[in-house]
Ligand SMILES: Cc1cc2nc3c(=O)[nH]c(=O)nc-3n(C[C@H](O)[C@H](O)[C@H](O)COP(=O)(O)OP(=O)(O)OC[C@H]3O[C@@H](n4cnc5c(N)ncnc54)[C@H](O)[C@@H]3O)c2cc1C
């Protein structure tokens with residue numbers, strides 16, 4: 001009987017799980033190690049755009065994702081009083097989906113062709129002379145594997161071993177997120193632009209909405225002691241409906257800094273590589289971090305299937321994934337700067353620009369991200 005090569009995936013997020021689906025278990029034994037005590041996700045929404053849905057179709061999960069998520073066709077940009085600055089209706093061969101992260105995870109976990117090992121936090125890595133990798137975990141367990149994929153997110157420990165480029169960069173604003181059951185129904189997504197502050201709303205399904213809010217860190221000083229909800233109501237309480245209601249009715253609010261890294265190459269070394277946020281974390285302004293993790297999973301699996309597990313496959317994967325990631329990370333950073341403007345003149349100019357840009361041009365701008373089809377790449 002043929003002995004299968006062993007691949008360790010560190011991290012059971014969107015990247016690690018999607019990669020296992022894309023690679024399959026015919027030629028490789030995949031084990032996914034997750035530091036949390038169970039595989040799952042916290043309560044927030046995630047937009048899955050057409051450029052990632054084409055991968056979901058390839059791995060047979062598209063229908064389940066379409067039925068678990070909400071679809072939206074229209075996107076409005078408003079000011080904090082609710083005045084519409086622009087709208088667009090992006091067109092694509094796939095819909096735009098917004099799904100609860102827990103549901104997306106549940107779909108990715110069902111029938112996954114991999115061994116799942118929760119409660120395994122990577123502590124160290126060592127390459128052996130013959131190219132294998134000795135992995136040690138904080139629970140005292142260890143494994144010797146033929147290949148390793150670091151899908152361990154923004155603060156990746158595997159990245160520290162391969163690239164060692166320090167901590168991610170904080171871009172000067174904080175992001176809060178929540179999911180809420182509401183009585184209103186919009187059927188569209190919206191982004192509201194204030195001064196150093198923004199709010200986004202996306203419909204999930206069955207009256208559930210996801211929202212996110214940002215505020216420049218320099219605007220939030222002198223606010224302690226104050227609970228998260230009180231702070232958000234202080235910052236957004238007089239914004240247009242239903243923003244205050246959304247915040248008020250949300251049970252669990254998550255908070256993150258706006259972080260990314262300079263997009264640089266060199267994330268593969270020998271029989272190890274990085275995937276998803278570990279390789280190319282981005283600020284969330286384009287909603288493409290998870291989508292790129294899905295695209296990268298597909299490319300990595302296809303290069304391994306074509307070139308076999310090893311440096312050639314990993315280098316090819318990196319050279320195909322890097323240009324796309326570099327562009328998304330850079331453009332998302334710029335978009336965040338425009339969204340977080342504070343000078344009254346710049347804010348007025350930005351809002352005028354939104355009003356002046358015809359919706360056909362706005363559609364063209366987002367289409368650059370949505371219409372990318374990683375499944376058409378020549379591997
Ligand atoms: C506010 C916000 C909104 C966003 N909105 C969107 C959106 O709408 N659409 C979109 O596509 N993207 C969005 N993103 C980005 C998206 O969440 C990430 O890009 C995506 O989760 C990356 O997936 P990942 O699997 O690479 O990393 P993660 O989701 O971070 O998963 C990494 C996993 O590795 C585990 N891990 C970490 N260290 C270790 C270790 N030492 N040992 C073992 N396991 C470990 C972690 O517990 C985690 O489960 C958003 C991000 C933020 C912050």
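The values are calculated or read from the model by the stated rules, or taken from the named source; none is laboratory data. Predicted model only: the values in this text are computed from it and were never measured. Heads up, the Cβs are rebuilt from the backbone with ideal geometry, glycines too, and the neighbour counts pull from every protein chain shown.
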Restricted to segment 6-30, and to residues that are in a strand (DSSP E or B) and surrounded by 18 or more Cβ atoms within 10 Å (Cβ to Cβ), which residue is nearest to the ligand (Cβ to nearest atom)? 10
Number of positions in segment 210-260 that are surrounded by 13 or more Cβ atoms within 10 Å (Cβ to Cβ), assigned to a loop (DSSP other than H, G, I, E, B) and modelled with pLDDT of 90 or more: 6
Where the second residue is crowded, with 21+ Cβ neighbours inside 10 Å and the first is on the phi > 0 side of the Ramachandran plot and lies in segment 159-181, which pairs have Cβ atoms under 8 Å and are six or more apart or on separate chains? 172/258; 172/340
Filter segment 31-57 down to residues that are more than 9 Å from the ligand (Cβ to nearest atom) and under 17 Å from the mean Cα position of the chain (by Cα) and give me whichever is nearest to residue 117 (Cα to Cα). 42
Identify the residue in segment 111-141 that is in contact with a helix residue (DSSP H, G or I) (Cβ under 8 Å, 6 or more places away or on another chain) and in a loop (DSSP other than H, G, I, E, B) and, among all such residues, is farthest from residue 63 (Cα to Cα). 114
The condition from (1) farther than 30 Å from residue 191 by Cβ; (2) part of a strand (DSSP E or B) that residue 97 misses is numbered (1)
Strands (runs of 3 or more DSSP E) within segment 142-187 that include 3 or more residues farther than 28 Å from residue 198 by Cβ: 142-145, 147-150
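Given the structure, is residue 290 in contact with a helix residue (DSSP H, G or I) (Cβ under 9 Å, 6 or more places away or on another chain), at pLDDT 95 or above, surrounded by fewer than 24 Cβ atoms within 10 Å (Cβ to Cβ) and within 16 Å of residue 13 (Cα to Cα)?
Values: in contact with a helix residue (DSSP H, G or I) (Cβ under 9 Å, 6 or more places away or on another chain): yes; at pLDDT 95 or above: yes; surrounded by fewer than 24 Cβ atoms within 10 Å (Cβ to Cβ): yes; within 16 Å of residue 13 (Cα to Cα): yes.
Here the answer is yes, as residue 290 does meet what is asked.
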From 63, 103, residue being away from the ligand (no atom under 12 Å from the Cβ), under 30 Å from residue 197 (Cα atoms) and modelled with pLDDT of 95 or more: 103
Taking segment 304-347 and keeping only residues that are surrounded by fewer than 14 Cβ atoms within 10 Å (Cβ to Cβ) and outside any helix (DSSP H, G or I), one is left with 308, 342, 343
